[in-house]
Amino acid sequence: MLGRGLLAVAALALAPGCGTFSRNKGHRPRNEIVVSVADQRMGLYDAEGKLVRTFDVSTSKFGLGDTPGSYRTPLGLHRVAAKIGCNAPMGAVFKSRRMTGEVLPPDAPGRDPIVTRILWLQGLESQNGNAYRRYIYIHGTAEERNIGKPVSYGCVRMRSTDVVELYNVVPVGAKVRIIEGSLRGRPPRRQRA
């Protein structure tokens, strides 16, 4: 009986989309995410640099930067350092990266918590070296009516259905580039083998 339970836990931990922390630093992720502050949109690119999906997002209402306490969105290259919320219900509320047990519908009045899923970002450049310690995430928001406008406190917000879709296809270690400019006209990037 105990053996089956351990097997079930191991299978869940290895299921696509459910990995939480990077274990294999040599692994090359298949996708790249590009967040455009100008467009308030996110592009998901495949390994060949082809745009496969776009999502509306919200970045910071305080502008761009990485100074601790600034509530700004950091520019540059990041990686998904951790994924939190595998199989959490849509609208599950998180506080300090733990589910509280509360579940909110989209646009619940008077509430602005982190919901549904969290992709925790680690900055890979000097201009975003504080991102991980600042708890900069890509996450779901209960304030879906504001998606497409810069209204966050530094993180990249998404609709719950969109963040679940992204969470399920992007592995820990995936590259996330936050740019000031537009996704339009962005040349495809090819990842080196």
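Search segment 102-121 for residues being within 16 Å of the chain's Cα centre (by Cα) and closer than 17 Å to Leu166 by Cβ, and hand back the single one that is surrounded by the most Cβ atoms within 10 Å (Cβ to Cβ). Steps first, please.
At the first step, the residues of segment 102-121 found to be within 16 Å of the chain's Cα centre (by Cα) are 113-121.
Checking which are closer than 17 Å to Leu166 by Cβ leaves us with 114-121.
Values: Ile114: 22, Val115: 31, Thr116: 27, Arg117: 28, Ile118: 22, Leu119: 27, Trp120: 23, Leu121: 26.
The qualifying residue surrounded by the most Cβ atoms within 10 Å (Cβ to Cβ) is Val115.
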Notebook entry, point to check: Looking only at segment 109-130, which residues are touching a residue at least 24 places away in the same chain (Cβ under 8 Å), in a loop (DSSP other than H, G, I, E, B) and farther than 12 Å from Val93 by Cα?
Noted result: Leu124, Glu125, Gly129, Asn130
Checklist line | Segments classed as strands (runs of 3 or more DSSP E), wholly inside segment 44-107, with at least 2 members that are of a type outside the set (Asp, Glu) and farther than 17 Å from Val156 by Cα | finding: 51-56, 98-103
Checklist line | Arg184 being in a strand (DSSP E or B) and either of a type in the set (Lys, Arg) or under 26 Å from Asp66 (Cβ atoms) (or both) | finding: no
Next item on the list: Tell me which residues, restricted to segment 160-181, are in a loop (DSSP other than H, G, I, E, B) and closer than 20 Å to Thr116 by Cβ.
Entry: Val170, Pro171, Val172, Ala174
Margin query: Conditions first: (1) crowded, with 17+ Cβ neighbours inside 10 Å; (2) farther than 20 Å from Leu75 by Cα. Met99 passes all but one, so which condition is the exception?
Written below: (1)
Next item on the list: Specify the residue that is modelled with the lowest pLDDT; the eligible residues are those in segment 8-60 that are surrounded by 11 or more Cβ atoms within 10 Å (Cβ to Cβ), closer than 26 Å to Ala88 by Cβ and of a type in the set (Lys, Arg).
Entry: Arg30
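The values are calculated or read from the model by the stated rules, or taken from the named source; none is laboratory data. From a predicted model like this one, the values you see are computed outputs, not experimental measurements. With ideal geometry, Cβ positions are generated from the backbone for all residues, glycine too; neighbour counts draw on all protein chains shown.
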